[in-house]
Amino acid sequence: MGSADAPLPNHLDVAIIGGGIMGLSTAYQLTQTRGLGKFGSSRAPAVAVIERSYLVSGASGRNGGGVRMQWADTGNVELMMESIAMCRGLAQELGINLWFRQGGYLFMARSEQGEARLLRNAELHKHVGAPTRVLTASEARELAPVLDVSGVRLATHNPEDGVVFPWPFVWGYAAQAMKRGVTVRTHTAVETIEPTADGFALTLSGGQRLTASTVVNATGAWSPWINRSLGVELPNRPHRHEILSSEPLKPFLDPLVVDLDSGLYCSQSTRGELVTGMTVPEPDPELDEHGLPPIRMDSSHRFLSYIGDALLRIMPVAAGIKVLRQWAGPYDVSPDGDGIAGPSPGLPRLIQVCGFTGHGFMMAPAVGRLLARFIADGTHHPMLDRWDPGRFAAGTAQRSEDMIIG
Amino acid sequence: MPTPRRFICRCEDVTFDEIDHAVSLGMASVEELKRYTGLGTGPCQGKECLALLAAHLVRQGHATPEALQPFTARPPAESITFGALAAVRRQQSKSESPGDGT
């Protein structure tokens, strides 16, 4: 979808670099902002998404598809309540089956520390209005009878959490954005980007030059290289994460299960496969000539053996289930675990939407909408304060979220 | 000629008609067709359907043999149980010296 030779005008109101979920949901939402603010009501803004490879080639096509409102911080809980509410109507809105299934997320804690985290979160969720319940080990087992809950001190479950199939999600946004006039140009790299008096001048692979009033850096784990070329120093860095899926099975696992102590997550997709991943410790990667770690998407045998071990501890029945395929994708890790979104320090027309640290996919419906509104008329969602790209240089970044999984 | 209900990917129930529909929506490469239709993501992992897809795309004039690339082959080469994988890790843990934190 999209095309390597889709014609681009010489000037764009908004050039979005990166054809993943963040860029495409923002593009789609920009088409819904007609009549707002600076684009006026007489015309739709000229918006293009420029993707170096094909759509869905990056992290948006490689994640586990989990969507949850069980976070440790009020802002994230509320944002995900908004995103999940959007997910409910999204299949109809985008005209594509998203395989969205709300089986809940079941967090299990075996340590005292994990127990304290879950209790604190549940209290916060109650306050915000998210329907999270605290469960005993045996109650957790009732929700998912295949689990071995020995040693589980406490669990929490939120029935509104769920899973989607990431691929159609991205296609859906892309198709609807294109239908509403967004140009989606694939297999096209942005070779150079330079600030001008009223925006940016871009040179694309193939040689075309164009100008844009606003540029959105939606390249996620790839964003540091574009930012470097503009002298924008942000601390988000790519980090490889591995994941796998099993043979398809009849439905037997309702919630997505997270074992807080190992960091393993496991869900059964609507397609029947178990989808599971976890972080496996590995040495720090060598840095490239820009001082940045490489983006690696190779798979390891080591990961398979670690996750086999960790999965069997919580789900012994998995011993007989076959792994069909494994792959890897980059998390775009920011030091405080929060996204980096909004105007760049020193370059306010360069809008970042990066650094979402492995949870960008689930937040993208809400993030795309609030970012589009910000671009169209300056509407300032409270999360933009927290995601301010300037917070690192200003020394105001602080970690308020500790429920980063995977 | 294939009829609309003829399957190209038996694992994921993808028909030739669905491939043609995906092509008409702008899915230009095998990687994209996989990600749009699910072709090749089931138990055979493309061993049955990938060659059929290549032949179909060439026959329909959607691709030339020179330009066609298969999708990335994903490990493991053959499906393997979590039980067998866990045994590898548990064997390694046993052979590692005590006190190394693993």
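The values are calculated or read from the model by the stated rules, or taken from the named source; none is laboratory data. Note that the structure is a prediction, hence the values are computed from the model and not measured. Cβ placement follows ideal geometry from the backbone for every residue including glycine, while neighbour counts extend to all protein chains displayed.
Let's see how each residue does on (1) within 23 Å of residue A:22 (Cα to Cα); (2) of a type outside the set (D, E, K, R); (3) touching a Pro at 6+ places or on another chain (Cβ under 6 Å):
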site: A:192; (1), (2), (3): yes, yes, no
site: A:218; (1), (2), (3): yes, yes, no
site: A:228; (1), (2), (3): yes, no, no
site: A:235; (1), (2), (3): yes, yes, yes
site: A:238; (1), (2), (3): yes, yes, yes
site: A:242; (1), (2), (3): yes, no, no
site: A:256; (1), (2), (3): no, yes, no
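From B:78, B:18, which residue is among the acidic types (Asp, Glu) and either surrounded by 14 or more Cβ atoms within 10 Å (Cβ to Cβ) or at pLDDT 95 or above (or both)?
B:18
Tell me, please, whether a residue that is within 13 Å of chain A (Cβ to nearest Cβ) and either modelled with pLDDT under 95 or surrounded by 13 or more Cβ atoms within 10 Å (Cβ to Cβ) (or both) can be found in region B:59-67.
For region B:59-67, residues within 13 Å of chain A (Cβ to nearest Cβ) and either modelled with pLDDT under 95 or surrounded by 13 or more Cβ atoms within 10 Å (Cβ to Cβ) (or both): present.
I'd like the residue in region B:34-50 that is within 16 Å of residue B:74 (Cβ to Cβ) and part of a helix (DSSP H, G or I) and, out of all such residues, is nearest to the other protein chains (Cβ to nearest Cβ).
B:35
Hey, residue A:244 hits all of (1) in contact with a Lys or Arg (Cβ under 7 Å, 6 or more places away or on another chain); (2) more than 14 Å from every other protein chain (Cβ to nearest Cβ) but one; which does it fall short on?
Among (1) in contact with a Lys or Arg (Cβ under 7 Å, 6 or more places away or on another chain); (2) more than 14 Å from every other protein chain (Cβ to nearest Cβ), residue A:244 violates only (2).
Inspect all residues belonging to region A:62-74 and state whether any of them is buried (at least 19 other Cβ atoms within 10 Å of the Cβ), within 13 Å of the chain's Cα centre (by Cα), part of a loop (DSSP other than H, G, I, E, B) and small (Gly, Ala, Ser).
Yes: one or more hits.
Output yes when any residue across region A:31-46 is out of contact with any strand residue (DSSP E or B) (no Cβ under 7 Å at 6 or more places or on another chain) and modelled with pLDDT of 95 or more, and no when none is.
Checking region A:31-46: not a single residue is out of contact with any strand residue (DSSP E or B) (no Cβ under 7 Å at 6 or more places or on another chain) and modelled with pLDDT of 95 or more.
On the basis of being over 30 Å from residue A:321 (Cα atoms), out of contact with any helix residue (DSSP H, G or I) (no Cβ under 9 Å at 6 or more places or on another chain) and within 7 Å of chain A (Cβ to nearest Cβ), does residue B:79 make the cut?
no
If we keep just the residues of region A:205-230 that are of a type in the set (Val, Ile, Thr) and in contact with a helix residue (DSSP H, G or I) (Cβ under 7 Å, 6 or more places away or on another chain), which is farthest from residue A:348 (Cα to Cα)?
Restricting to residues being of a type in the set (Val, Ile, Thr) and in contact with a helix residue (DSSP H, G or I) (Cβ under 7 Å, 6 or more places away or on another chain), the top hit is A:219.
Need the failing condition index for residue A:262 against (1) in contact with a Gly (Cβ under 7 Å, 6 or more places away or on another chain); (2) of a type in the set (Gly, Ala, Ser); (3) farther than 30 Å from residue A:394 by Cβ, just the number.
Every condition holds for residue A:262 apart from (1).
Output the number of the condition that residue B:12 fails; it satisfies all remaining conditions of (1) part of a helix (DSSP H, G or I); (2) of a type in the set (D, E, K, R); (3) within 12 Å of chain A (Cβ to nearest Cβ).
Of (1) part of a helix (DSSP H, G or I); (2) of a type in the set (D, E, K, R); (3) within 12 Å of chain A (Cβ to nearest Cβ), only one is false for residue B:12: (1).
Scan region A:99-126 for residues that are small (Gly, Ala, Ser) and under 20 Å from the mean Cα position of the chain (by Cα) and report the count. Explain how you work it out, then say what you get.
Within region A:99-126, the subset small (Gly, Ala, Ser) is A:103-104, A:109, A:111, A:114, A:116, A:122.
Keeping just the survivors that are under 20 Å from the mean Cα position of the chain (by Cα) gives A:103-104.
Result for region A:99-126: 2.
When the residues of region A:187-239 are filtered to those that are assigned to a loop (DSSP other than H, G, I, E, B) and among the charged types (D, E, K, R), which remaining residue is surrounded by the most Cβ atoms within 10 Å (Cβ to Cβ)?
The selected residue is A:233.
Kindly indicate whether residue A:81 is closer than 22 Å to residue A:263 by Cα and either surrounded by 17 or more Cβ atoms within 10 Å (Cβ to Cβ) or among the hydroxyl-bearing types (Ser, Thr, Tyr) (or both).
No, not satisfied.
Just to be sure I understand, how many residues within region A:150-174 are free of Cβ contacts under 8 Å to residues at least 60 places away in the same chain and surrounded by fewer than 21 Cβ atoms within 10 Å (Cβ to Cβ)?
Of the residues in that region, 4 qualify.
May I ask you to say which residue of A:120, A:133 is surrounded by fewer than 17 Cβ atoms within 10 Å (Cβ to Cβ), of a type outside the set (Gly, Ala, Ser) and in contact with a strand residue (DSSP E or B) (Cβ under 6 Å, 6 or more places away or on another chain)?
On the way: A:120 fails: in contact with a strand residue (DSSP E or B) (Cβ under 6 Å, 6 or more places away or on another chain).
Answer to the selection: A:133.
Given the structure, is residue A:276 surrounded by 23 or more Cβ atoms within 10 Å (Cβ to Cβ), of a type in the set (S, T, N, Q) and within 14 Å of another protein chain (Cβ to nearest Cβ)? Reasoning before the result, please.
Working: surrounded by 23 or more Cβ atoms within 10 Å (Cβ to Cβ): yes; of a type in the set (S, T, N, Q): yes; within 14 Å of another protein chain (Cβ to nearest Cβ): yes.
When the stated conditions are applied, residue A:276 passes them.
Taking the residues in region B:21-50 that are of a type in the set (D, E, K, R) and crowded, with 21+ Cβ neighbours inside 10 Å as candidates, determine which candidate is farthest from residue A:173 (Cα to Cα).
If we filter region B:21-50 for residues that are of a type in the set (D, E, K, R), which is where we start, we get B:31-32, B:34-35, B:47-48.
Imposing the further condition that a residue be crowded, with 21+ Cβ neighbours inside 10 Å reduces the set to B:32, B:34-35.
On the way: B:32: 15, B:34: 18, B:35: 14 Å.
Top of the filtered list is B:34.
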